[in-house]
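> Attaching a single structure in structure tokens format; questions to follow.
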Amino acid sequence: MVTLDPVSSRLPDAARGPAPSAWRSRRGLRQWLWGDWRSRLATCVLALVLVMAIAAPLIARYSPTAQDFIPFRGPSSAHWLGTDDLGRDVWSRLVYGARASIEAAGIAVCLALAIGVPIGLIAGFRGGWVDAVLMRIADTVLSFPGIILAIAITAVLGPGLVHSMLAVGIVFSPSIARLMRSQVLVTKERLYVDAAVSFGNPPSRTVARHIVPNSIQPVVIQATFMLGLAVIAEASLSFVGLGVQYPSPSFGGMLQSASQFISVHPFGVYPPGVAIALIVLAFNALGDSLRDVLDPLASTRRAARLAARASTRRGHRPEAPGGRHVPEGH
Amino acid sequence: MPGRGPLLSASGLEVHFKLPGESGRLRAVDGVSFEIGRSEIFGLIGESGSGKSTIARAIMCLEPINGGQVTLDGTRLDQLRGKALRRQRRRVQMVFQDPHESLDPRMTVRQAIEEPLRLGRTGSRAARRARVVDLLNRVGLDESYVGRMAYTMSGGQKQRVNIARALALEPELLVCDEAVSALDVSVRAGIINLLTSLQRELQISVLFISHDLGVVAHLADRIGVLYLGRLAEVSETESLSARPRHPYTEMLLAAEPQPRPSSHRAARAPSISGEAPSAARPPSGCRFRTRCRYAQERCVQEEPALRPLEGGALVACHRAEELELTGRRA
């Protein structure tokens, strides 16, 4: 009988990384949110935004809609980010605006997933005419410029934060559906799916236990990026007046009113503009780092890179990636 | 009635594939009939593209068949659907070619082996877990493997887990589709010995599919030789290698590597020459005639049927009686 030596004990710790189990493990979570400086920064930014959104009444120093101050004031100890055209405190409006942004991103992405994942799953799994019909519908939605479609849908539903974000969710859903479909098409041909069928798994259980869990990861990564896009979409729709309604604060609305007075008070566009940019960058960075954690290939490359960097720092020449991970015969 | 007649019989089995962009159909399996007795090891050999794996998938009901029938112990498997099929298919289990692909990358060893047990609703959770350990021991792995993920194991270890999983439902027939081809030679021997001892212990029938005549001859009681989707010869292992009745079998035997220097070898029949013709456009008459050194005019005109010879062998060759073919040298 051959000796069965555990292979993993001989691998460097980093090379054990391409963990499909990283999904659930604490190590994976830690690597996602705290793996390198980019993800740490992004986690901090988003944690801050989240705290601002949740504890807005505690953090804001004035009511976001109170306007008994002098307009167009610069930053001062009384008004950290100055005041806007109606004399409202910009810091307080920013804090409440974060709430609108987070809410908006959440609604839009959840709706996009709720519509896109089942459609992509059905199209990919059933194939044939079902696939053809569903994907033609998705193509039709995708062929409109996103913002125009969102404006049209909001015009029908009526303006407001929830309505405009439902519209954004609908606009996002076809790309989720296409991604899910392409993943399912690949996964359902895998041998382990055949094996699952051969034990007598009914189709519903095969889909739920094997196909969905092995197809969903890229969709989750895409959804993380979409959170950033949804923040922009919310700002854009509020900018044109279809999102959050006056006088409630939102980044887009603040940017819009500040841009009207840019010649009088140029500082006004910076607080909402920088806030949007920071949130979007943070979501993107977390999306990137989630992909590194979940995608086995990418994280093997990352492990090789880290190993190479570590050995150069010690004065050794970097080893060829992969060369050291080859297990010997057993 | 259980206990009488062959366990599994395939008769006139046909599996066709539609060729993309062409009107023709590829007859991957074109009228194959064979029987597997109780606790018999039936070997199936053939070159790539001869339809070996397609036959395995057809028997497993993973591939719809276009003609013929598959009968398991008197039950027509090919006519079953839904729940009735799921109940029957547990009696036939399969070990797939690629050990890496046939384990769900997101499952631990325990989850993988427990899955068929769970579907069979056999016993309590504790009983199932005990059975998992028992199965692992049976395939030469110890209890410490239960928590391992597929990616932390070597090919041989994974294939052992696959065998344990296939045995979990106590099948009557085990289909091994190139079960050792993806493994290193040293690991291969261990898996082959494992399969032999398990078969002896459990008295199950095995359909062992391989392109390697040496491996099949070592294991099988009877061997079927497949060429371009048709059986060329079916015979007891000893008589097949001692006295092949089909020119293709002779060629396969001659192509086997021999553990002796060429100067010490007796003159042998020329080994395999040329590529197999495409199964999409098989030659007229006998399919093997384009590579057969005994081919005559009749072989171009008439397709030989698989017919019994004295001594029990079945052969599809017009000239089977007159030819004196050389077998394996001792």
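> Setting aside same-chain residues fewer than 8 positions from B:Lys52, which lysines have a Cα under 24 Å from its Cα?
Leaving aside lysines fewer than 8 places away in the same chain, those within reach of B:Lys52 are A:Lys188, B:Lys18, B:Lys158.
> Among DSSP bridges having both ends in chain B, what percentage is antiparallel? Round to the nearest 5.
60
> If you don't mind, there's one more thing I want to ask. Enumerate cysteines in chain B without a disulfide-compatible partner, where compatibility requires another Cys Cβ under 4.7 angstrom.
B:Cys61, B:Cys176, B:Cys292, B:Cys317
> Would you be so kind as to identify all helices of chain B, as entire DSSP H runs, whose Cα atoms reach 24 Å or more along the helix's own axis and whose mean Kyte-Doolittle hydropathy is at least -0.5?
Details: long enough: B:185-202 (25 Å, 0.68).
Both cut-offs are met by B:185-202.
> Taking H placed 1.01 Å from N in the peptide plane, check which residues at least 5 places from B:Arg38 or on another chain put their amide H under 5 Å from its amide H.
Amide H neighbours of B:Arg38: B:Leu7.
> Scan chain B and report its longest stretch carrying no GluC sites (Glu not before Pro) that are both in a DSSP loop and have at most 10 other Cβ atoms within 10 Å. Walk me through the intermediate numbers first.
Working: sites that count: B:Glu22, B:Glu275, B:Glu310, B:Glu321, B:Glu322, B:Glu324.
With a cap of 10 other Cβ atoms within 10 Å, the longest stretch comes to B:23-274.
> Need one word for segment A:24-312: rounded, prolate or oblate. Basis is the Cα gyration tensor (sqrt eigenvalues a ≥ b ≥ c); a/c below 1.5 gives rounded, then a/b vs b/c decides. Intermediate values should be presented prior to the final figure.
On the way: a/c = 2.90, a/b = 1.62, b/c = 1.78.
It comes out oblate by the Cα gyration axes.
> Amide H to amide H, which residues 5 or more places from B:Ala255 or on other chains are under 5 Å from it, using H placed in the peptide plane?
Placed amide hydrogens put B:Ile272 under 5 Å from B:Ala255.
> A further question follows. Calculate the FRET efficiency for A:Ser77 and B:Ser23 from the Cβ-Cβ distance with a Förster distance of 56 Å, rounded to the nearest 0.05. Could you put the intermediate results ahead of the total?
Details: r = 83 Å, r/R0 = 1.48.
The calculated FRET efficiency here is 0.10.
> Would you tell me the mean number of C-beta atoms belonging to other protein chains that fall within 10 Å of each C-beta in B:89-97, as a whole number? Before the final figure, lay out the partial values.
Numbers: counts 4, 3, 1, 1, 4, 5, 1, 5, 1.
Taking all residues of B:89-97 together, the mean is 3.
> Per DSSP H run of n ≥ 4, the term is -39500 (n - 2.57); total these for chain B, divide by its residue number, and report the mean residue ellipticity at 222 nm rounded to 500 deg cm²/dmol.
Details: 10 runs with 98 residues, N = 330.
Counting only the DSSP helices, I get -8500 deg cm²/dmol.
> Sticking with this structure for a sec: Quick one: 3J(HN,Hα) in Hz for segment A:53-70, Karplus 6.51/-1.76/1.60 with θ = phi - 60°, rounded, Gly and Pro as x.
With the stated coefficients, segment A:53-70 comes to 5, 6, 9, 3, x, 7, 8, 5, 9, 9, 5, x, 10, 5, 10, 9, 10, 7 Hz.
> Please report the antiparallel percentage of DSSP beta bridges with both residues in the protein assembly as shown, rounded to the nearest 5. Could the numbers behind the result be given before it?
Working: 28 of 46 bridges.
Of the beta bridges lying entirely in the protein assembly as shown, close to 60 percent run antiparallel.
> Neighbour counts of other C-beta atoms within 10 Å: give me B:Asp73, B:Asp212, B:Asp30 arranged from fewest to most.
Working: B:Asp73 19, B:Asp212 15, B:Asp30 22.
Least crowded to most crowded, the residues run B:Asp212, B:Asp73, B:Asp30.
> How far apart, in nm, are two points set 7 Å out from the Cα along the Cα-to-Cβ line at A:Leu48 and at B:Ala130?
Each label point lies 7 Å from its Cα, and together they span 5.9 nm.
> Can you run phi through the Karplus equation (6.51, -1.76, 1.60; θ = phi - 60°) for segment A:181-191 and list ³J(HN,Hα) in whole Hz, with x for Gly and Pro?
Using θ = phi - 60°, the values come out as 4, 5, 5, 5, 4, 6, 5, 5, 8, 5, 4 Hz.
> Mind checking the mean number of beta-carbon atoms from other chains within 10 Å of the Cβ atoms in A:183-196?
Values: counts 0, 0, 0, 0, 0, 0, 1, 5, 12, 13, 4, 8, 16, 6.
Rounded to a whole number, the mean comes out at 5.
FYI, it's all coordinate maths here, none of it is from the lab. Computed from a prediction, not measured in an experiment: that's the story for all the values here. Cβ atoms come from the backbone with ideal geometry, glycine included; neighbour counts cover every protein chain shown.
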